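Everything below concerns the one structure shown next.
All of the numbers you see were taken from the coordinates with simple rules; none came from a lab. Everything quoted here is computed from the prediction, not taken from an experiment. Cβ atoms come from the backbone with ideal geometry, glycine included; neighbour counts cover every protein chain shown.
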Amino acid sequence: MAEIHGTFDDRFQPLVDELARRVDVGDEVGASLAVVQDGRMVVDVWAGHADAERTTPWREDTVTNVWSCTKTVTALAALVLHDRGLIDVHEKVATYWPEFAARGKGGVEVRHLLSHTSGVPALEQPAVAEDLYDAEAAAARFASQEPWWEPGTASGYHAINYGHLVGEVVRRVTGQSLKEFVAAEIAGPVGADFTIGLPLEAYDRVSAIVPPTAFEMPPGIEPGPLALRTLGGPPLHATFALTDAWRAADIGGANGHGNARSLARIQSALSHDGVAIGGHKLLSPETIDLVFDEQATGPDLVLGAPLRWGIGYALVDPATQAYLPQGRICHWGGWGGSYVVNDLDRRLTATYVMNRMGNGLLGSRRGEGYLRTLYSCVDA
């Protein structure tokens, strides 16, 4: 059986065994799992290799591109600023970013950015990936666009530009770029090895993603009416994550780099009354309650899947997410299958990061399997 590194409480042995099995059979190349419960890191394990050729072990400090799990950190940044009274999620975006009011967007509120309901999910075509790499220039383009649907009436997944929109609000009120704010006010204080983008000094320990071989939607789900318009603005391939330009950019919707441990350290604030593991307070319980204020439910206009959005995080949809229990749970995942789950009822945060991307656009069978096993351990 594959060698597992790290530490874990004995009751999570089935979860650790599942990771070992999936590495053995080739489902995983390299991966890490972490669980924080009641203020302790009860699972912190990793296994496999950092490269597709399986020549370099995945190590304790290995990081990789976590795709849309980055959004959970970006959302947390906005919630921290709300908690400090620097923004109000119910205030108009234009209060902080006046140019955003152009072309009928004067009524868009910060909560609409955070819940994918702003009506601005992508750049108008034609657009290329390089258009996203200058965050301020991209934000100016988004501000000049008209909404593609009436803001606040439905979600349309902001696949790549989530961090450009939220990040510009962060920049306007703090004077710091999103990546600077996350480093100084979130990752640094909680001791998390997480960055938006990837600094040059971390290149020697990054695990290059292994791209998916196809794209699959869940059974019975068809892409939404805005899928082509959104995913073509601009079109992206997973291999962009291997380029220096991508790693240097500030893309708070998709280019965060970390591992399961770093995400768990950050996100544990949501499941522990605002206090991240190690004792650093990020949020008040009142701000955490905002996350569970449902903003949209039903078929997403981009992904087509039925989704429930709170403020900054998805909420559990029992019809499509039987692998998660009901209750006060907020979550989201990254392209290829990584995930962040914050379970407030159980005071638990669970994270999974891997390099071999699954083919699913909405999660992966591996991720669902780990979560089913995790909850069988927790609720035994």
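Rounded, prolate or oblate, given the Cα gyration tensor of the range 163-246, with a/c below 1.5 counting as rounded? Note, shape of the range 163-246 comes out oblate. Summary value for the range 175-267: 50 percent relative contact order, contacts being C-alpha pairs under 8 angstrom separated by 6+ residues. Of interest is the spacing of the C-alpha centroids, which for the range 113-172 and the range 204-243 amounts to 17 Å. The sum of -39500 (n - 2.57) across all DSSP H runs of n ≥ 4, divided by the residue count of the chain, sets its helix-only mean residue ellipticity at 222 nm to -8000 deg cm²/dmol.
When only Cα pairs below 8 angstrom with a gap of at least 6 residues are kept, the chain shows a relative contact order of 24 percent.
Using the Cα coordinates of the range 83-224, the gyration tensor eigenvalues translate into equivalent-ellipsoid semi-axes of 26, 23, 15 Å, sorted from longest to shortest. Classify the range 67-111 from the C-alpha gyration tensor, please: rounded if a/c falls under 1.5, else prolate or oblate depending on whether a/b exceeds b/c. Taking the square roots of the gyration eigenvalues as a ≥ b ≥ c, the range 67-111 is oblate. Extension gain for the segment T95 to A214, taken as residue separation times 0.36 nm less the Cα-Cα distance, is 38.6 nm to one decimal.
At a threshold of 8 angstrom on Cα-Cα distance, excluding pairs fewer than six apart, so keeping six or more, what relative contact order does the range 16-161 reach in percent? Present the calculation step by step, with values, prior to reporting the outcome.
On the way: 176 pairs, mean separation 23.1, N = 146.
Relative contact order of the range 16-161: 16 percent.
When a footprinting reagent is the concern and you count Cβ atoms within 10 Å, what order do F292, F12 take, fewest first?
So the ranking, lowest neighbour count to highest, is F292, F12.
Once you have a ≥ b ≥ c as the square roots of the Cα gyration tensor eigenvalues for the range 289-380, tell me rounded if a/c is under 1.5, and otherwise prolate or oblate according to whether a/b is larger than b/c. Write down the numbers at each step before the final one.
Numbers: a/c = 1.70, a/b = 1.06, b/c = 1.60.
In terms of gyration-tensor shape, oblate.
Computed over the chain, the alpha-carbon pair-distance distribution with 10 angstrom bins reads 5, 26, 36, 25, 6, 1, each value a whole percent. Looking at the range 6-145, the pairs of alpha carbons with a distance over 25 Å make up 51% of the total. The residues R265, R141, R54, when put in order of fewest to most other Cβ atoms within 10 Å, stand as R54, R141, R265.
Exposure proxy ranking for V182, V66, based on other Cβ atoms within 10 angstrom of each Cβ and starting from the fewest, stands as V182, V66.
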